[in-house]
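Asks: Quick one: the structure is below, questions incoming.
The values are calculated or read from the model by the stated rules, or taken from the named source; none is laboratory data. Everything numeric in this text was worked out from a predicted model, so none of it was measured. Every residue, glycine as well, gets a Cβ built from its backbone with ideal geometry; the counts of neighbours run over all protein chains shown. SASA here: full protein model, heavy atoms, side chains in, ligands and nucleic acids out. Shrake-Rupley method; radii C 1.70, N 1.55, O 1.52, S 1.80 Å.
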Amino acid sequence: MRLETPNKLEELRKSILEKQDPNKQKILVCGGTGCISNGSLEVAKAFEAELKSQKLKAEVEVKITGCHGFCERGPLVVFLPQSIFYERVDLKGVPDILKETLISGVPHDKYLYRMTKKDDPITKEEDIPFYKNQLRWVLRHNGKIDPTSIDEYIAQGGYSALAKALNGLSPERIVDEIDKAGLRGRGGGGFSTARKWRSVKDADGGPDNIRYVICNGDEGDPGAFMDRSLMEGDPHSVIEGMIIGAYAIGSNKGYIYVRMEYPLAVKHLDLAIKSARDYGLLGENILGSGFSFDIEINRGGGAFVCGESSALMASIMGRAGEPRAKYVHSSEKGLNDLPTNLNNVETWANVPLIINRGADWFAAVGTEKSKGTKVFSLVGSVNNVGLVEVPMGLSLREIIYGIGGGIPGGKKFKAVQTGGPSGGCIPEAHLDAPVDFDELTKLGSMMGSGGMIVMDEKTCMVDVAKYFINFLVDESCGKCTPCREGLRQLLIVLTRITEGKGKEGDIELLKDIGDCMTWGSLCALGGSASNPVISTIKYFRDEYEAHIKEKRCPAGVCQDLITFSIIEGDCIGCGRCLKVCPSSAITGENKKPHVIDEKLCIRCRACYEVCPVDAVMIE
């Protein structure tokens, strides 16, 4: 069915809503990648089978939705309209959950959320601190609708922003509205979206007046999954944003660049594009406006460097994914040497919101220069791991403790790494800093695409710097010398420091190499690649000095700088350490203190991890 006018779209929305029963019992099962890997699809089938056996199938709808965000607690299930939230649901629990929730009318206590085992359960999704303290604008449909159904998106007001744009807003007015909203690119640089759109719009499109729009879905940061979850859970919001942007700058062709490690995102995007074409929301003469636009999916090979705009465009053109010098801007000569506008997934998903709700509404949230909300993947040493969306300006402390629930096991917070592998590590002293583009840059880090990795007191910051530099050595395209050789030299120096072979002057050498990379690298990825080293030296210089001068790892992580021993008075002689030791370095009799032979110990930490009374000491 092709929708010829905006009125037809509205009629379709009303007809979809008329067929829906808002009071019908629904069971929403998270179909995000994390929950699927934990068996959520099997859980959904089990609910279907149990409903059938209970003869309740006609009264209850089971729906697989996009990612709910609370990934660490999956598989997640929500009962509507009661809003009862169940976590870590397994096949064994399905019959009892169904029986108690629907027949007895009482939530099944075992699968309700608790911060710790000792805490009282929380029944409703909106009362759980992880959700309660968020502002979910971009993620508003994730966990609510079936991402494979365009009708569900339309029922929620989907494509109404497109209809509004095509039916009364000039391209100039749309760009002005995005400008007034203060939307900055969510992909890393925080560049003004309107300024970028205006540059492409005003650029020379050649004899055929061609311009391109691209959605950057090449999310390669370790621990980041914001864009993947949006593409999987709400693909139409991204597509709608792209169509509006294309109309504003005068483009008829768009690309979504997705890494091949995201098969579910590709599947849902592909289905969404086909559905939009069937309704006439993509293709020729969209909604009878005379404007034509279509989108093609391009799958990347998973190279981190292809997240950089010019490398991404080279990849689409079939060339090696390598950046180019930026003295010629992509807004003038990008894809196929024609004006090209590139924004990331989250940026595009914000566009329909701004067009529908207005620039003033959007700009009312956030800080002076960072408006709206930001989605983060909150991971690492934090109780509540998952996908969170917060207003710009919320402090790191409110995100990590208010939403994330703090550090597990009563350990102390040590640092948070933001901005992906090229970001920086921020210490406890700056936990109250507001999170926005400019404040994170002042602290030596960056917003990046939204990765946020929390570290506790048992984290060695020298080892962390080495981890990220090692990642970047593998991922550097190698085109420019400062990045290629600089990263290798950083890794050599960091490795010898963590092996107890560091020497006086190594810290200054690391800083000098970092400076060369910052000023000499061809692209932003190379220019920021030394950030993990520079920021850890800035805030944790004492740890570097302990490694170099005292040959000691204060966090007890670097294998060549630590020894293991058993505290005689604390050991209960349970034998667990003896059983797990792979090098037979531990001896002892039952219920008597055990001993570690340092010569045989390979420092694998297995004994430390299993000791029930913390009798294994690391020095």
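Asks: Could you tell me the calculated FRET efficiency between Asp432 and Glu368, based on Cβ-Cβ distance and R0 = 22 angstrom, to the nearest 0.05?
Replies: 0.80
Asks: In Å², what does the accessible area per residue of the stretch 64-213 work out to with a 1.4 Å probe?
Replies: Here the residues of the stretch 64-213 average 43 Å² of exposed surface.
Asks: A follow-up question, please. Out of residues 5 or more away from Gly302 or on other chains, whose amide H comes under 5 Å of its own, with H placed 1.01 Å from N in the peptide plane?
Replies: For Gly302, the qualifying residues are Met260.
Asks: Would you mind working out the magnitude of the charge dipole of the stretch 467-565 relative to its Cα centre, with +1 at each Lys and Arg C-beta and -1 at each Asp and Glu C-beta, to the nearest 20 Debye?
Replies: In debye, rounded to 20, the stretch 467-565 gives about 80.
Asks: With a 1.4 Å probe and all protein chains left in place, how much of the accessible area of the stretch 1-102 comes from carbon and sulfur atoms, in whole percent? Before the final figure, lay out each step's value.
Replies: On the way: 2610 of 4960 Å².
The C+S portion of the solvent-accessible surface of the stretch 1-102 is 53 percent.
Asks: In µm²/s, what is D for the stretch 552-595 at 37 °C and 0.692 mPa s, where D = kT/(6 pi eta Rh) by Stokes-Einstein and Rh is the Kirkwood radius from Cα pairs?
Replies: On the way: Rh = 11.6 Å.
Value of D from the Cα-based Kirkwood radius: 283 µm²/s.
Asks: Per the helix-only calculation at 222 nm, which mean residue ellipticity applies to the chain, given -39500 (n - 2.57) for every DSSP H run of n ≥ 4 and division by its residues, nearest 500 deg cm²/dmol?
Replies: -11000 deg cm²/dmol
Asks: Sticking with this structure for a sec: Ignoring chymotrypsin sites (Phe, Trp or Tyr not before Pro) that are buried or in helix or strand per DSSP, and keeping those with at most 14 other beta carbon atoms within 10 Å, what is the longest stretch of the chain between them?
Replies: Counting at most 14 other Cβ atoms within 10 Å as exposed, the longest clean stretch of the chain is 328-619.
Asks: Translational diffusion coefficient of the chain at 4 °C, 1.567 mPa s, Stokes-Einstein with Kirkwood Rh over Cα pairs, in µm²/s as a whole number.
Replies: Estimated via Stokes-Einstein, D reaches 49 µm²/s.
Asks: Give me the extension gain from Gln559 to Lys267: residue separation times 0.36 nm, minus the current Cα-Cα distance, reported in nm with one decimal.
Replies: Fully extending the segment from Gln559 to Lys267 adds 100.8 nm.
Asks: Can you work out ³J(HN,Hα) from phi for every residue in the stretch 152-161, in order, using Karplus 6.51 cos²θ - 1.76 cosθ + 1.60 and θ = phi - 60°, giving whole Hz and x for Gly and Pro?
Replies: Each residue's phi maps through the Karplus curve to give 5, 5, 5, 4, 7, x, x, 6, 6, 5 Hz.
Asks: As an exercise, identify the trypsin sites (Lys or Arg not before Pro) in the stretch 572-619 lying in DSSP coil whose Cβ has no more than 16 other Cβ atoms within 10 Å.
Replies: Taking the stretch 572-619 and a limit of 16 other Cβ atoms within 10 Å, the loop trypsin sites (Lys or Arg not before Pro) found are Lys591, Lys599, Arg605.
Asks: So, one more: Over what distance in Å are the Cα centres of the stretch 26-80 and the stretch 223-256 separated?
Replies: Cα centroid of the stretch 26-80 versus Cα centroid of the stretch 223-256: 27 Å apart.
Asks: Of Ser584, Ile596, Gly556, which is farthest along the charge dipole of the stretch 553-601 in the positive direction, counting Lys and Arg as +1 and Asp and Glu as -1 at C-beta?
Replies: Result: Ser584.
Asks: Distance between the C-alpha centers of the stretch 153-197 and the stretch 460-510? Whole Å please.
Replies: So the two Cα centres are separated by 41 Å.
Asks: With charges set only on the Cβ (+1 for Lys and Arg, -1 for Asp and Glu), what does the dipole of the chain come to about its Cα centre, in debye to the nearest 20?
Replies: Dipole of the chain, to the nearest 20 debye: 400 debye.
Asks: Label points 7 Å out from Cα along the Cβ direction at Trp361 and Asp90: separation in nm?
Replies: It is 4.5 nm.
Asks: Another question, if that's okay. When all protein chains stay in place, what accessible area (Å², nearest 10, 1.4 Å probe) is found for Asp614?
Replies: We get 120 Å² for Asp614.
Asks: Just want to confirm a number: the relative contact order over the chain, from Cα pairs under 8 angstrom separated by 6+ residues, in percent.
Replies: On the way: 1280 pairs, mean separation 71.8, N = 619.
Result for the chain is 12 percent.
Asks: Hey, if you put +1 on the Cβ of every Lys and Arg and -1 on every Asp and Glu Cβ in the chain, which of Gly206, Asn531, Tyr255 ends up farthest toward the positive end of that dipole?
Replies: Tyr255
Asks: Another question about this same structure. Got a sec? Charge dipole of the chain, +1 on Cβ for Lys and Arg, -1 for Asp and Glu; which of Leu282, Tyr86, Ala364 is way out at the positive end?
Replies: Tyr86
Asks: State the extension gain, in nm to one decimal, for the chain segment bounded by Lys124 and Thr495, taking 0.36 nm per residue of separation less the distance between their alpha-carbons.
Replies: Value of the extension gain: 128.7 nm.
Asks: Mind listing the long-range amide H neighbours of Gly280? Cut-off is under 5 Å, sequence gap 5 or more, other chains count too, H placed in the peptide plane at 1.01 Å from N.
Replies: Counting only residues 5 or more places away or on other chains, the set is Leu3.
Asks: Please sort by residue number the GluC sites (Glu not before Pro) in the stretch 42-83 whose DSSP state is loop and whose Cβ has at most 14 other Cβ atoms within 10 Å.
Replies: Working: sites: Glu42, Glu48, Glu50, Glu59, Glu61, Glu72; in loops: Glu59.
Hits after loop and neighbour filter: Glu59.
Asks: What pairs from Lys117/Lys458; Lys19/Lys180; Lys8/Lys52; Lys501/Lys538; Lys117/Lys466; Lys414/Lys479 go past 28 Å between their alpha carbons? It would help to have the intermediate numbers written out before the result.
Replies: Numbers: Lys117/Lys458 24 Å; Lys19/Lys180 38 Å; Lys8/Lys52 37 Å; Lys501/Lys538 21 Å; Lys117/Lys466 36 Å; Lys414/Lys479 36 Å.
From Lys117/Lys458; Lys19/Lys180; Lys8/Lys52; Lys501/Lys538; Lys117/Lys466; Lys414/Lys479, over 28 Å: Lys19/Lys180; Lys8/Lys52; Lys117/Lys466; Lys414/Lys479.
Asks: Just to confirm my numbers, what's the Cα centroid distance between the stretch 258-297 and the stretch 530-559 in Å?
Replies: Their Cα centres are 49 Å away from one another.
Asks: Another one. With r defined as the distance between the Cβ atoms of Ala320 and Asn470 and R0 fixed at 22 Å, what FRET efficiency is calculated, to the nearest 0.05?
Replies: Numbers: r = 23 Å, r/R0 = 1.03.
With R0 = 22 Å, the Cβ-Cβ based efficiency is 0.45.
Asks: ³J(HN,Hα) across the stretch 472-481 via Karplus (A = 6.51, B = -1.76, C = 1.60, θ = phi - 60°), whole Hz, x for Gly/Pro?
Replies: 6, 4, 5, 9, 4, 6, x, 5, 10, 5
Asks: Could you run the Debye sum over the Cα atoms of the stretch 168-288, one equal point scatterer each and no solvent, and tell me log10 of I(q)/I(0) at q = 0.11, 0.14, 0.17 Å⁻¹, two decimals?
Replies: Ignoring solvent entirely, the Cα scatterers give -0.41, -0.67, -0.98.
Asks: Can you tell me the Rg and the Dmax, both Å, for the Cα atoms in the stretch 269-346?
Replies: Expressed in Å, the Cα Rg and Dmax of the stretch 269-346 come to 14.9, 42.
Asks: Amide H to amide H under 5 Å from Ile64: which residues, 5+ apart in sequence or cross-chain, H placed 1.01 Å off N in plane?
Replies: Here the answer is Val29, since their amide H atoms fall under 5 Å of that of Ile64.
Asks: Write down the Å³ per residue value for the convex hull defined by the alpha carbon atoms of the stretch 473-586.
Replies: On the way: hull volume 16.1 nm³, N = 114.
Considering the Cα atoms of the stretch 473-586, their hull volume per residue is 142 Å³.
Asks: Would you mind getting the accessible area per residue of the stretch 488-528, heavy atoms of the protein chains only, 1.4 Å probe, in Å²?
Replies: Result: 51 Å² per residue.
Asks: Along Cα→Cβ, 7 Å out, is where each label goes; now give me the distance between the ones at Phe191 and Lys592 in nm to one decimal.
Replies: Result for the modelled spin labels: 7.2 nm.
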